[in-house]
Amino acid sequence: MRIEIWSDVVCPWCYIGKRRLETALSTFEHPVEVVWRSFQLDPAAPVVPVESVAESLGRKYGGGPEAGKAMIDRVEAVAAEEGLLFRHHAALRANTVDAHRVLHLALETGGPELQGRLKEALLSAYFVGTENVADHATLTRLAAGVGLDAERVAQVLAGAEYADAVEADAREAAALGATGVPFYVIDRKYGISGAQPAEVFTDVLEKAWADAHPVLEVVGDADACGPDGCAV
């Protein structure tokens with residue numbers, strides 16, 4: 001079974017949804033491959049941060065920084081229920097295209113397992129460590145910390161490699177009907193929108209597995225030969 005997840009590394013619900021999916025997978029008895037797809041929530045965000053997330057939210061939705069802080073408080077309370085101790089108030093609005101490019105490098109280099117380690121590192125760095133995930137030195141350190149070659153990461157960041165892959169993911173998300181993230185696609189048959197409760201993930205996973213592995217219905221019970229021969 002393959003789960004593709006469109007998300008951004010500065011999306012709080014993406015981190016919360018990741019934990020809820022992991023809870024569902026912890027009791028799912030079948031093999032699953034998870035691949036992370038790119039989705040930039042704020043492509044216009046600067047590489048060099050100039051404002052906090054609270055300031056950005058307050059400016060975008062109105063009410064100023066205090067309103068932005070109230071929004072963050074609500075999300076942080078939900079995150080805490082999943083064991084995530086966010087420090088989102090101290091996080092800065094930053095561009096994520098380079099983080100997504102390095103995630104594509106990780107997938108190509110070490111497959112979904114390595115990409116998954118980097119995804120977790122990026123989310124933790126931003127929401128818990130309040131690091132700038134647009135900074136090349138930070139991205140290189142985080143990527144090297146999970147097993148990527150630092151020189152190769154620096155080479156990618158110095159150019160435009162995987163930018164086309166990031167754009168392709170965004171186009172595909174739109175084609176699949178995703179209007180926000182997180183957005184989950186299971187075996188290209190089932191879609192789940194948003195950070196749903198773990199029980200929802202469990203139900204869809206079980207349904208997808210049953211669809212892909214139908215149980216044969218045996219009709220009739222007439223005489224037949226078995227492994228020990230035929231009783232005649």
Task: Residues satisfying the stated conditions in the stretch 87-127, i.e. farther than 26 Å from R2 by Cα and in contact (Cβ under 8 Å) with a residue 40 or more places away in the chain - done: R87, H88, A90, A91, L92, R93, A94, N95, Y126, F127
- [ ] With the checklist (1) modelled with pLDDT of 95 or more; (2) assigned to a helix (DSSP H, G or I); (3) over 21 Å from R171 (Cα atoms) in hand, flag the one item L57 doesn't pass.
- [x] (1)
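One line per residue, one yes/no per condition, for (1) surrounded by 16 or more Cβ atoms within 10 Å (Cβ to Cβ); (2) in a loop (DSSP other than H, G, I, E, B); (3) of a type in the set (D, E, K, R):
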residue	(1), (2), (3)
L84	yes, yes, no
D98	yes, no, yes
P112	yes, no, no
G116	yes, no, no
T130	yes, yes, no
Open item on the list: Let me spell it out: the conditions are (1) of a type in the set (D, E); (2) touching a helix residue (DSSP H, G or I) at 6+ places or on another chain (Cβ under 7 Å); (3) farther than 14 Å from V97 by Cα, and E161 meets all of them except one. Which number is the exception?
Closed with: (3)
TODO: Confirm whether R19 is touching a Gly at 6+ places or on another chain (Cβ under 7 Å), surrounded by 13 or more Cβ atoms within 10 Å (Cβ to Cβ), assigned to a helix (DSSP H, G or I) and not hydrophobic (A, V, I, L, M, F, W, C).
DONE: yes
Task: Single condition A150 does not satisfy, out of (1) in contact with a Ser or Thr (Cβ under 7 Å, 6 or more places away or on another chain); (2) surrounded by 18 or more Cβ atoms within 10 Å (Cβ to Cβ); (3) more than 30 Å from G191 (Cα to Cα); (4) not aromatic (F, W, Y) - done: (2)
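The values are calculated or read from the model by the stated rules, or taken from the named source; none is laboratory data. Because the structure is a prediction, the values reported are computed rather than measured. Methodologically, a virtual Cβ is constructed for each residue, glycine included, from the backbone with ideal geometry; neighbour enumeration extends over all protein chains shown.
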